[in-house]
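Report on one structure; see the data block that follows.
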Amino acid sequence: MRRVILILLSCILSIVANADHITGGEMFYSVTSNSGGTYTYSVTLKLFMRCNSGRMFPDPAVISVFEKGSGSRIQDISTPISSREIIQITNFDPCISNPPAVCYEIAYYNLSVTLPATASGYVLASQVNYRIRGISNLNGAQVGATYTCDIPGNLPASDGPKNNSAVFTGSDLVVVCAGNYFSYSFAARDADGDDIRYSFSDAYASTNGGTNGTPTGAPPFPSVPYGGGDWDGTKPLGNQVKIDPNTGLITGIAPPAGVYVVTVSAEEIRNGQVIAVQRKDLQVNIADCSIAAALLEPDYMLCGNTRTASISNIATSPLIVAQDWEVFDPGGNSIFTSTNFNLNYTFPVNGKYSIRLIVNRNQQCSDTTFSVIYVYPGLVPDFEAAGICITKPTTFTDRTTLLSGTVNSWKWDFGEPTTTIDVSGLQNPVYTYPGMGVKDIRLIVTTTDGCRDTVYKSTTIIDKPPITLAFRDTLICINDRVQLLASGTGNFLWSPPVNMINAATGSPTVAPPVTTRYYVDLETEGCRNKDSVMVRVVNFVTLNQMGDTTICRGDTIRLRVNSDGLRYNWLPAAQVLTPGVKDPLVVTSVPNTPYQVTAIIGGCSATRTIRVATIPYPVANAGADTMICYRTSAQLHGLTDGNSWQWSPATTLNNPVSLNPLATPVLDITNYILTTFNSASGCPKPSRDTIMVTMLPKIFPFAGRDTVVIINQPLQLTATGGIRYQWSPAASLSAANIPNPIAIFAEGSLNLHYRVQVFNEAGCSDTAGLNIKVFATLPTVFVPSAFTPNNDGRNDVVKPIAVGMKKIEYFSIYNRWGDLVFTTSTNEHGWDGRVGGRDQGTNTYVWIVKAIDFMGKSYFQKGLVTLIR
């Protein structure tokens with residue numbers, strides 16, 4: 001299958017102050033001479049910077065040499081740039097969508113270092129501030145970087161100083177697409193033939209502030225602050241990316257787009273001993289691109305409760321236009337094919353099946369992959385954990401059940417966060433936890449059929465079992481009994497056992513003659529805890545009540561007593577809002593109420609009385625809500641038995657301290673509040689009442705437009721603007737008190753005037769009128785013979801004036817060439833003598849009109865009209 005290697009690399013290196021434009025690098029060396037136990041090394045520092053960043057490489061860079069055993073500083077070497085080059089990707093794979101630009105400027109710093117051999121060797125280091133901002137697997141802080149390499153001493157290998165460092169040989173022009181499979185080789189070459197072991201490691205931050213020209217601080221070097229969760233030095237790209245310890249090959253599914261710090265350590269092993277560790281510290285830019293690839297999980301498990309597989313291509317490139325699936329039985333025979341983008345198939349019988357996925361068959365971006373499916377339903381992984389005490393063994397028992405094969409592998413992770421060796425491959429292991437808390441346990445089981453499944457459970461490790469007491473201190477009356485209540489998991493034992501029943505339970509009953517402290521012990525799987533309960537014995541109840549009081553009638557008051565009682569009864573119960581409590585809230589609606597309280601401790605009790613007198617609130621009556629006409633006033637009428645009062649809001653009242661002020665509101669709705677007081681009554685609180693004054697909107701009466709009719713033609717009048725109407729004169733109307741009467745005139749008149757009075761819901765009114773001309777003719781349409789469109793307000797348009805007509809179907813005007821210059825179907829809508837916005841000259845035009853009269857008959861007429869300029 002195609003493994004398109006796509007990673008955007010930004011190597012992280014420790015170099016200079018504020019060099020956040022430096023995106024990576026590496027350091028390596030070779031031994032060039034040896035004289036009398038003193039060795040000379042040729043060292044190369046290689047720094048990367050993105051192309052066109054507008055920044056400069058540090059020149060010079062500072063490289064510090066430390067004695068490895070003591071950490072003492074040997075020397076600081078200021079090294080200028082020796083050479084530069086530019087590398088970039090120019091030909092991208094056509095099967096990558098949205099490929100990023102990859103281009104780096106590289107600076108090389110060459111120096112020679114002469115050092116005497118020591119037992120522990122040396123560390124070379126350089127630093128940079130800062131790494132780029134927004135690194136995805138760090139906690140958000142912007143930090144620097146420290147880059148190191150090791151020169152071994154003569155222990156444990158006597159020839160350690162005569163060492164040539166491992167050199168990472170992978171290409172630095174690599175691209176990785178988010179959410180896609182990738183592989184990247186971190187393989188190194190060792191000129192001495194030493195074995196190399198690879199691993200992810202913590203990246204180093206800078207020291208001493210990392211300012212320009214400042215040497216790095218002495219080892220040990222601090223780690224960068226990883227973001228936690230899915231990110232740390234051992235999994236810098238998440239749980240789906242691994243490194244092969246033997247080859248240095250990083251493979252997996254790339255995390256979401258972003259920049260990630262990745263550090264790989266290459267341990268040089270000579271004769272079975274690690275003599276040096278070389279590190280490559282990179283900023284890996286995961287790009288928002290995708291690959292047209294066939295990508296499946298290595299295997300799929302149908303080992304639970306289903307035989308149906310639903311599988312999708314992990315790659316999601318838009319360049320994937322076709323997918324071909326094929327399923328093979330355990331004998332290698334093809335049993336199912338599909339061209340759907342998802343494979344959905346129900347397997348008939350148990351077995352190990354294989355599947356093949358081909359994307360873009362016979363096309364440019366074609367790719368093929370295979371995977372296997374284990375179909376053995378019935379596997380249910382499970383386990384039990386016994387033992388919850390810290391420093392005592394916890395036993396884990398496998399309770400896995402299955403219907404096919406047998407379990408042949410167990411991988412336990414006991415969830416202890418302080419160590420990495422809390423694992424086991426036994427079926428029923430035993431583990432002793434070093435710390436307390438909730439432990440998330442994982443068991444992965446595999447079977448002889450190849451099935452694999454995982455179960456998670458949690459257990460809480462404690463140093464002593466928790467005891468929960470219902471109470472720690474209580475009172476009883478002499479000769480009473482009380483049940484002590486403790487809850488927890490394990491075996492209880494109470495002491496002293498005198499006057500006690502069921503001492504070996506969590507709920508014994510005691511009857512002490514005097515005050516006694518009882519102790520409870522709880523034992524759980526070897527862990528022990530102890531607690532106590534004080535039982536105080538009395539022969540009477542202490543009860544002191546508050547003094548009698550006076551309040552406003554209907555108010556609540558909290559009654560208070562000083563007592564050691566355990567229960568309380570208050571009377572009269574109907575007026576107690578919070579019964580059963582020591583200090584209840586009560587409401588008193590009658591003039592005087594004696595409240596009786598009884599405090600109880602078992603068989604002992606005491607009773608007291610508190611008298612509450614009430615004074616009624618002053619009367620406040622603001623009157624009934626009212627409506628007024630637009631921009632008028634309302635007379636308010638207040639009523640009270642108090643000795644002072646006031647109205648609010650005062651701004652629209654002529655006298656807010658009068659009981660009967662005149663209100664002139666400016667809002668549609670105004671709530672006027674009457675507040676009354678009676679300082680002589682004994683109730684100092686005010687009473688309030690509200691009247692809502694609604695000012696109705698202004699009336700906009702409308703009687704209709706002036707019109708013309710002929711005799712005996714029904715005319716529909718329509719008035720609007722109110723809820724009640726009155727027309728005058730009433731003559732010739734079908735009704736005078738409705739909004740839409742019918743008018744029929746028996747005689748002609750050129751000056752009839754009708755008025756309508758319009759009323760709203762408050763009886764407010766206004767009037768409107770219209771003029772009616774009545775012609776003693778047949779239905780007709782009048783059109784003038786000439787018009788003068790000079791904007792003097794007289795005869796500026798030629799228009800139809802319909803009399804006795806139901807509607808005009810059209811009124812059209814034509815010039816002498818027969819061109820239509822104007823048309824309308826609206827009565828009294830006319831032509832202003834313009835065509836296309838341009839004035840027409842003096843001329844004669846033909847008009848034609850067609851209409852329907854009020855009897856439903858068609859009317860047709862034509863004539864001439866002269867435009868005069």
Between Arg553 and Tyr630, Cβ-based FRET efficiency (R0 45 Å, step 0.05) works out to 0.60
Consider a paramagnetic label point 7 Å from the Cα of Asn246 along Cα→Cβ; state which residues of region 270-297 have an amide N under 17 Å from it.
272
Debye intensity ratio in log₁₀ form over the Cα atoms of region 99-224, taken at each q of 0.12, 0.23 Å⁻¹:
-0.66, -1.49
Using C-alpha positions alone, give me the convex hull volume of region 375-450 per residue in cubic angstrom.
86
Write down, largest first, the equivalent ellipsoid semi-axes of region 184-307 in whole Å, where each equals the square root of 5 times an eigenvalue of the alpha-carbon gyration tensor.
32, 22, 14
Mind checking which lysines have their Cα closer than 17 Å to the Cα of Lys530? Skip sequence neighbours fewer than 8 apart in that chain.
Lys464
Taking a point 7 angstrom from the Cα of Asp473 along the C-beta vector, which residues in region 578-612 have backbone N less than 20 Å away?
582-583, 600-602
Note down the nm distance, to one decimal, between modelled labels 7 Å out along Cα→Cβ at Arg55 and at Leu485.
6.7
Toy charge model, Lys and Arg Cβ at +1, Asp and Glu Cβ at -1: region 748-806 dipole around Cα centroid in debye, rounded to 20, equals 260
Put +1 on the Cβ of every Lys and Arg and -1 on every Asp and Glu Cβ in region 405-518; which of Val423, Gly435, Gly490 then has its Cα farthest towards the positive end of the dipole?
Gly490
For the chain, what is the charge dipole size about the Cα centre, in debye to the nearest 20, if Lys and Arg each add +1 at the Cβ and Asp and Glu each add -1 at the Cβ?
2760
Take every Cα pair under 8 Å in region 536-583 that's 6+ residues apart, average their separations, divide by the length, and report that relative contact order as a whole percent.
35
Amide H contacts under 5 Å for Thr32, placed H, 5+ residues apart
Thr40, Tyr41, Ser42
P(r) tail fraction, region 301-438 - alpha-carbon pairs more than 24 Å apart, %:
53
Ala736 to Ser825: extension gain in nm, 0.36 nm per residue of separation minus the Cα-Cα distance?
28.8 nm
What distance in nm separates the simple spin-label points at Asn305 and Asn110, each placed 7 Å from Cα in the Cβ direction?
7.0
Computed lengthening from Thr690 to Phe860, 0.36 nm per intervening residue step minus Cα-Cα distance:
54.4 nm
Taking 7 Å along the Cα-to-C-beta vector as the label spot, tell me the Asn239-Asp832 distance in nanometres, rounded to one decimal.
7.8
Spatial extent of region 546-621: Rg and Dmax, with the Cα atoms as the point set, Å:
13.5, 54
Placing unit charges on C-beta atoms (Lys and Arg positive, Asp and Glu negative, everything else neutral), compute the dipole magnitude of region 472-547 about its Cα centre in debye, rounded to 20.
180
Take the Cα coordinates of region 403-558, assign each an equal point scatterer, and use the Debye formula without solvent to give log10 I(q)/I(0) at q = 0.20 Å⁻¹.
-1.15
What is the chain's relative contact order, in percent, from Cα pairs under 8 angstrom and six or more apart in sequence?
6
So for the chain, using the alpha carbon gyration tensor with a ≥ b ≥ c as root eigenvalues (a/c under 1.5 gives rounded; past that, a/b versus b/c decides prolate or oblate), I'd call it oblate
Relative contact order %, region 246-290, counting alpha carbon pairs below 8 Å whose residues are six or more apart:
42
The lysines whose Cα lies under 25 Å from the Cα of Lys857, excluding any fewer than 8 residues away in the same chain, are Lys773, Lys799, Lys806, Lys807
Hey, what does the equivalent ellipsoid look like for region 439-490, semi-axes from the Cα gyration tensor as sqrt of 5 times each eigenvalue, largest first, whole Å?
50, 11, 7
In a Debye calculation with equal point scatterers on the alpha-carbon sites of region 521-588 and no solvent, what is log10 I(q)/I(0) at q = 0.15 Å⁻¹?
-0.63
Report, to the nearest whole %, how much of the accessible area of the chain belongs to carbon and sulfur atoms, 1.4 Å probe, protein only.
51
Can you give the local net charge around Tyr122? Use residues other than it whose beta-carbon is closer than 9 angstrom to its beta-carbon, Lys and Arg +1, Asp and Glu -1.
-1
For Arg131, residues with placed amide H under 5 Å, excluding near neighbours:
Val143, Gly144, Ala145
Tell me, what is a quarter of the convex hull surface for the C-alpha atoms of region 643-771, in nm² with one decimal?
10.5
Note, Ser532: beta-carbon cut-off 15 Å, +1 each Lys/Arg, -1 each Asp/Glu, net +3
What aspartates and glutamates sit close enough to Lys685 to cross-link, taking a C-alpha to C-alpha distance under 13 Å and skipping anything fewer than 8 places away on the same chain?
Asp555
Quote the accessible area belonging to Phe700 in square angstrom, nearest 10, computed with a 1.4 Å probe and with ligands, DNA and RNA left uncounted.
140
For Arg399 and Ser120, FRET efficiency with R0 = 35 Å and r from the beta-carbon atoms, rounded to 0.05?
0.10
Residues other than Thr505 with Cβ under 14 Å of its Cβ, Lys/Arg counted +1 and Asp/Glu -1, net out at -2
Quick one: divide the alpha-carbon radius of gyration of region 56-166 by 2.2 N^0.38 Å and tell me what you get.
1.43
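The values are calculated or read from the model by the stated rules, or taken from the named source; none is laboratory data. All figures in this text were calculated on a predicted structure; none of them were measured in a lab. Neighbour counts run over all protein chains shown; Cβ positions are idealised from the backbone, glycine included. Note: accessible area is taken over every heavy atom of the protein model, side chains too, but ligands, DNA and RNA are not part of it. Shrake-Rupley method; radii C 1.70, N 1.55, O 1.52, S 1.80 Å.
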